């Protein structure tokens, strides 16, 4: 299982919005510069994220984007499923799929393993929020901490 550029860049862009969130919307150009992602490519990603209700856009001279929900309520799983589709190692384990693409689905012992793998990966992705990643970044860089001597 491998994430595409769409998923990786989308997570980075959402992380950037969470990291720089405040009162003012964040310009797409700012995100593109900080994350070194093409502005045109981000427009495409943000259209999908907006349609899914993960971000809001604000028009006008001071416009831009902001998270639609608090960073504590947006998981990596939310973002990746919008941009990548179902996170699964094979088509036969995608929720709602009956495995029509494989004639061996009824007796396939490997399907049970792929289901376990899919469940574990999705559980991890659904339990990591943007807020946790922002906190980890701040911890790693020392940003937001005051040191007294």
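Quick note: the coordinates plus some simple rules give every number you see, no bench work behind them. Given the structure is predicted, the values throughout are model-derived calculations rather than measurements. Ideal geometry is used to build each Cβ from the backbone, glycine not excepted, and the neighbour counts take in all protein chains shown.
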* Asked: Does segment 53-129 come out rounded, prolate or oblate, given a ≥ b ≥ c as the square roots of the eigenvalues of its C-alpha gyration tensor, rounded meaning a/c under 1.5 and, failing that, prolate meaning a/b above b/c?
  -> prolate
* Asked: So what's the gap between the Cα centers of segment 100-140 and segment 51-92, to the nearest angstrom?
  -> 18
* Relative contact order computed over the chain (Cα-Cα under 8 Å; 6+ residues apart), in percent -> 25
* **Computed FRET value (nearest 0.05) for residue 24 with residue 68, which takes r as the C-beta separation and R₀ as 22 Å** => 0.90
* Asked: How much of the calculated P(r) for segment 1-87 lies past 14 Å, in percent of all Cα pairs?
  -> 59
* Compute the length gained on full extension between residue 137 and residue 84: take 0.36 nm times their separation in residues and subtract their Cα-Cα distance, giving the result in nm to one decimal. => 16.6 nm
* To do: May I ask for the angle, rounded to the nearest 10°, between helix 5-19 and the longest principal axis of the chain, with both axes built from Cα atoms and the value confined to 0 to 90°?
  => 40
* How high is the FRET efficiency from residue 91 to residue 59, r the C-beta distance, R0 41 Å, rounded to 0.05? -> 0.55
* Helix 130-141: angle to the longest alpha-carbon principal axis of the chain, degrees 0 to 90, nearest 10? -> 60
* Additional length obtainable on full extension of the chain from residue 5 to residue 41, 0.36 nm per residue less Cα span -> 11.9 nm
